[in-house]
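The values are calculated or read from the model by the stated rules, or taken from the named source; none is laboratory data. Because the structure is predicted, anything quoted here is derived from the model rather than measured. Glycine also receives a Cβ, built like all others from the backbone with ideal geometry; neighbour counts cover every protein chain displayed. To get the accessible areas, we keep the full protein, side chains included, count just its heavy atoms, and leave off ligands, DNA and RNA. Shrake-Rupley method; radii C 1.70, N 1.55, O 1.52, S 1.80 Å.
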Amino acid sequence: MVRKDRKMHKSKVSRIGSYAIASSITDPTCVSCTTFNILAPIYKRLNRGDPNCRESDVRRYWLDRNQKILDWLLCERSSIICLQEFWVGNEELVHIYDKRLGDAGYISFKLARTNNRGDGLLTAVHKDHFRVINHRELLFNDFGDRVAQLLHVELITPFSQNRNNNIRQEIIIVNTHLLFPHNSSLCLERLRQVVYKILKHVESYQRENKLNPLPILLCGDWNGSKRGHVYEFLRSQGFESSYDTAHQYTDDDVQKWISHRNHRGNICGVDFIWLLNPNRYRKLLKTSWGEAVFGMLKYHLRRASLTEDDAYAFLKGDSHGDYITFSGFCEALGHFNLMGHCNGLSGEEVNEVWFDADMDGNGVVDYKEFKEKIWNACCSSEHEMEEEEEEEEEEETIGFSVKNAVLFPTEVEKGMWPEDYSLSDHARLTVVFSPLRMPC
């Protein structure tokens, strides 16, 4: 029976693992990326009835499971590997990953969560595929003890055939794990993490190093679904969900796939590999941040079943004129739990979004401003972006098209969680990209 199980396991590894390998053999310029929350042993419960009984207490359990995880990863041989909940606090496990990944040709970078949480991130790139230009660590010391890794890498032969000195062949890879939204007030904090702690850092890095727009891959466990504000914000910035692109899913296709069964027993899709191509860069972060806040406010207004006129009347509050005052605006933000507590908008952030809403600078927001900035806030259309690109002088750079994407176990691609899957409480996502030239 044991031999039969091993044989079945080996055939499954070969079938799934051959996916990325076969793509690379067919087209040697392909780049593959895998993101996987491997569930740290310090969090894996062995007995649901006893939350204190963890896998970290039984060496053979966590050792066997992580060896299997490495078997899968090394068989799939992705160009980029991004792991979350990597048990950086255990030296033996760290050594095992360093040894096996190193022997397979990977360069690895590890980053522990702050305040000695025990787990963290691991990002590895294959040295046959990339040259590492720089590596940065981003620490969220102010909230949630979350961290992120930034790798600036250059494609090398055979991925960068027909090398042209005028064509940048570099990309930025980000690996992160956002906090779980235990309550509604944390949704704003998660959005702030993405805006100010990750994307702003990427933006600053590119500016400091005088880089033109580069392809950006955002990988990891986002702890938020396609219904969430983080998803909507990233889409507004020009990012695309690689898995959805590969399968031609729209933003409305929420339950087509899942990637996680959380500690509450709920199933959802939270693991993403986001792609931003150089020709898809959109608005400045500060502008998009204001729009994201207005979007959250509009969400709460609509959730309260308020029509456009009712929402305007609600925001006016006790105002004697036909306009919204700053105090009324703040009162509404507080009512919807968007300010007034440690995770809410700061005073400076409130002033920034108010200044954005008060378009004529007269100290109040009238109906026209309310309708344009809050009720009908939207992103640049594809047509507007195309016009802007046509007006600018084109400079060629490298970008990526999504060639294919798979989730494992395969059942999650149909929205089902298999009861016999024990490798993690997350599915593994692998995407294959094909480099192409495009205007910057």
*Take the range 306-340 and flag every residue that is among the aromatic types (Phe, Trp, Tyr) and farther than 26 Å from Leu191 by Cα.*
Tyr323
*Out of curiosity, is Arg264 modelled with pLDDT under 85, more than 26 Å from the chain's Cα centre (by Cα) and among the basic types (Lys, Arg)?*
no
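Table: residues versus (1) in a helix (DSSP H, G or I); (2) modelled with pLDDT of 75 or more.
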{"site": "Ser288", "(1), (2)": "yes, no"}
{"site": "Val293", "(1), (2)": "yes, yes"}
{"site": "Ala313", "(1), (2)": "yes, yes"}
{"site": "Gly328", "(1), (2)": "yes, yes"}
{"site": "Glu331", "(1), (2)": "yes, yes"}
{"site": "Asn337", "(1), (2)": "no, yes"}
{"site": "Val353", "(1), (2)": "yes, yes"}
*With the checklist (1) outside any loop (DSSP other than H, G, I, E, B); (2) open to solvent by 10 Å² or more (accessible area, probe 1.4 Å); (3) of a type in the set (A, V, I, L, M) in hand, flag the one item Leu211 doesn't pass.*
(1)
_Suppose the filter is crowded, with 20+ Cβ neighbours inside 10 Å, in a helix (DSSP H, G or I) and at pLDDT 75 or above; does Val174 pass it?_
no
*Assess whether Glu419 counts as being buried (at least 17 other Cβ atoms within 10 Å of the Cβ), out of contact with any His (no Cβ under 7 Å at 6 or more places or on another chain), modelled with pLDDT of 90 or more and in the same structural domain as Lys68 (by the TED database).*
no
*Identify, by number, the condition in (1) over 26 Å from Ile38 (Cβ atoms); (2) modelled with pLDDT under 90; (3) part of a loop (DSSP other than H, G, I, E, B); (4) open to solvent by 40 Å² or more (accessible area, probe 1.4 Å) that His182 doesn't meet.*
(1)
_Residue match in the range 90-102 (condition: assigned to a strand (DSSP E or B), in contact (Cβ under 8 Å) with a residue 24 or more places away in the chain and surrounded by fewer than 18 Cβ atoms within 10 Å (Cβ to Cβ))_ = no
*Looking only at the range 74-89, which residues are in contact with a helix residue (DSSP H, G or I) (Cβ under 9 Å, 6 or more places away or on another chain) and either part of a helix (DSSP H, G or I) or open to solvent by 10 Å² or more (accessible area, probe 1.4 Å) (or both)?*
Leu74, Cys75, Glu76, Arg77, Trp87, Val88, Gly89
*In the range 239-256, which residues are surrounded by fewer than 22 Cβ atoms within 10 Å (Cβ to Cβ) and of a type in the set (Gly, Ala, Ser)?*
Ala246
*What residue, of Glu55, Glu91, is over 15 Å from Gly120 (Cβ atoms), among the acidic types (Asp, Glu) and assigned by the TED database to the domain that holds Asn116?*
Glu55
*asked:* Quick check on Ile69: is it open to solvent by less than 40 Å² (accessible area, probe 1.4 Å), touching a residue at least 40 places away in the same chain (Cβ under 8 Å) and out of contact with any Phe, Trp or Tyr (no Cβ under 7 Å at 6 or more places or on another chain)?
replied: yes
*Find the residue count for the range 113-134, including only residues that are more than 18 Å from the chain's Cα centre (by Cα), under 22 Å from Tyr196 (Cα atoms) and open to solvent by 20 Å² or more (accessible area, probe 1.4 Å).*
2
*Could you check how many residues of the range 27-53 are over 21 Å from His260 (Cα atoms) and either open to solvent by less than 40 Å² (accessible area, probe 1.4 Å) or touching a residue at least 12 places away in the same chain (Cβ under 8 Å) (or both)?*
6
*State which residue pairs qualify: first residue on the phi < 0 side of the Ramachandran plot and inside the range 396-414, second residue among the charged types (D, E, K, R) and surrounded by 23 or more Cβ atoms within 10 Å (Cβ to Cβ) in any location, beta carbons under 6 Å apart, and separation of 6 or more residues or different chains.*
Phe408/Arg428
